[in-house]
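Here's the structure we're looking at; comments come further down.
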Amino acid sequence: MSLLRRLEGRGAAPSGRPGEEGAEAPEAPPERPAAPPPPPASPPPPERRGLMATPAVATAEVGAPRGSKAWIRELKGRVQGRLIKELDPKLDVNDKDKVRQVVQQLFDKIMEEENTLLPRAERINLFDALLAEIIGFGPIQPLLDDESVSEVMVNGPNRVFCERKGKLELTDIKFDDEAHARRIIERIVSPLGRRCDESSPLVDARLPDGSRVNAIIPPLALDGATITIRKFSKKPLSVDDLIRFGSLTPELAEFLQACVVARFNIVVSGGTGSGKTTLLNVLSSFIPEDERIITIEDAAELQLQQIHWVRLESRKANIEGKGAVTIRDLVMNTLRMRPDRIVVGECRGGEALDMIQAMNTGHDGSLTTLHANTPKDALGRLEVLVLMAGMDLPVRAIRQQVASALQLIVQQERLRDGSRRVTYVTEVQGMEGDTVVLQDIFLYEQTGIDSNGKIIGHVRPTGLRPKYMQKITDAGIQLPANIFGGQPSRG
C-alpha cells in the first residue's frame, strides 16, 4: 500500500457507513477530508528527509520488514545514490585513505538525515559494502581481501563460490542483479582499455594486484555474468613454503635448484589450478642475480625477485580488431633483447615452436608451463602446439627438436583432497628411433588417506641418476650421494 493510499484511508475512516440511508449527497462535504491538502504537507519536506519521502521508499518500508535483506538493500540503494551524487568527481580513487575518510563523513551525514538506526555491526557492514562499490569490486571485495581465499568464482549474480585450501565452497555473497555483476566486470576491464559487452562477451584481464581475471557474459554464459579470479598472493611463496605444504621435499627442492642453476631447459606441466605458475615462480627464484631474465605472459602473474628482470605482456586486439601482440610475437622479439633466461608463463599455441627453437640456439635455462596430465602427455601436447605454428614439419623432426631442447619435465598435480604435489620429475634423455625417451627421477607415491580425508604419500627417488648429471657437476654443484636413492622423504 502506498503512502498516499494510507493517508486517504486514514481520512476516510470517520465518515464510514456509506450504505446507510443518511449517506445522501448533502452529506458529501464531511467526506472531503478523505484527500485534503494538509495531510501530505504534514511530513517533513523531502529536503530534510533525503530520499525517504519518495513513494517507492514508502512502499518498500511497508512491503519489506525492517532489518530484512530487502529492507537493507533498499537502504543501501538510497544511501549509495546519494553518496554518488555528493562525492566530488575529482576525488582521486587511488588515494584510498582519503576516499575512505570522505565517504565516512558523507555516510554519517546521510544516515543521520535518513533517521535510520542500525546495530553497529550492520552499520559497519553497510559502510564497507558501499565503500567496496565506490573504490573496490562490490560484493566480492571481502573475498579478494581474504588471504585464505585463492580463487573467486561468480556463476551468475546469485551464486558466488571461493576456493580455500584447495576446496570449493559456496558463499552467501550475492549481487543485486545481473546489471550489478556487469558493472563490476566493467570496473575491472575498463582501466585496461578492454570491454565486455554483447559484441565482445568474453575478456581476460587482471586486477591491480596482478590477480588474473576471466569474465564471460550472456549470450555465451547462459546463467548470467560469470567471473573467475585467480588471486595473487601478496607475498610470493618461497621454496620453503612449498616444502612446508608438502608440495616438495628438501631433497627434491635441492635437485631442482641444481637443475635451474646448471641451465636445464625445464617444462612445468599440470592441469588447471594445479599450481604450475606458483612452482614456476619458485624455480625462477633459483636463477642467479647476475643474469638477465625476460618473462613473457598473457596476463602478468610471475613475481620474480631478481633485480635484472624485464616483464613483457601480450596485448589483445582493440575494438577495431587491430593492434594485437601475441606471445609468439614477444618470444621472437625477446631473442633480440640479449636474454640470459627466457621464461614463458604458458605455452598454448604456435609460440611453442619459437620457444623450442630458442632453447636449441643457445638460450639454455629457459622455463615454461603447459597443460598436460603426465610428462608423456606433455611431449604430445608440445608436438601439437608446434604444429599450430603453421609450419609443415614432419612429426619426427618436431620430436627431434623437442628431445634436444628439453632436459626436464616437472609434473604438478592437484590431488583429490585439494593439496598440490609434484608427482613426477622426469628427464628427457633423447631419441630412440621415432620415440622420445623419458626417465623418471622422482615419483610421488600415495600410501593412504587419514581420518580427515587428507592424502598421505611421499616423493621418492627412483634410484636412477640423471643422464645429464655431468651438466650439474660442470656447474660446480655437488649433490648429496644419496639424493637419488635411499630412504624417501616423507610429505
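Shown here for the stretch 163-225: GluC sites (Glu not before Pro) in loop regions (DSSP other than H, G, I, E, B) with at most 11 other Cβ atoms within 10 Å, namely E198. Centre-to-centre, using Cα atoms only, the stretch 133-189 and the stretch 385-407 are separated by 42 Å. Rolling a 1.4 Å probe across all protein chains gives V384 an accessible area of roughly 80 Å².
Ligands, DNA and RNA are left out, and with a 1.4 angstrom probe the accessible area of the stretch 93-181 is 54 Å² per residue. Out of the stretch 285-352, which GluC sites (Glu not before Pro) are coil in DSSP terms and have no more than 10 other C-beta atoms within 10 Å? Answer by residue number: E289, E320.
For the stretch 253-321, carbon and sulfur atoms together expose 47% of the accessible surface, with a 1.4 angstrom probe and every protein chain in place.
Pairs from the list K96/K231; K234/K276; K96/K316; K165/K276 with a Cα-Cα gap above 26 Å: K96/K316. Rounded to the nearest 0.05, the FRET efficiency derived from the C-beta distance between R396 and E289 at R0 = 45 Å is 0.65.
Per residue, how many Å² of accessible area does the stretch 346-491 show with a 1.4 Å probe?
47
Under the convention that each Lys and Arg Cβ holds +1 and each Asp and Glu Cβ holds -1, the size of the dipole of the stretch 316-407 around its Cα centre is about 20 debye.
The values are calculated or read from the model by the stated rules, or taken from the named source; none is laboratory data. Everything numeric here is computed off the predicted structure, so don't read it as measured data. For neighbour counting, all protein chains shown are included, and Cβ atoms are generated from backbone atoms with ideal geometry for every residue, glycine included. Just so you know, the surface numbers come from the protein's heavy atoms only, side chains and all, with ligands and any DNA or RNA stripped out. Shrake-Rupley method; radii C 1.70, N 1.55, O 1.52, S 1.80 Å.
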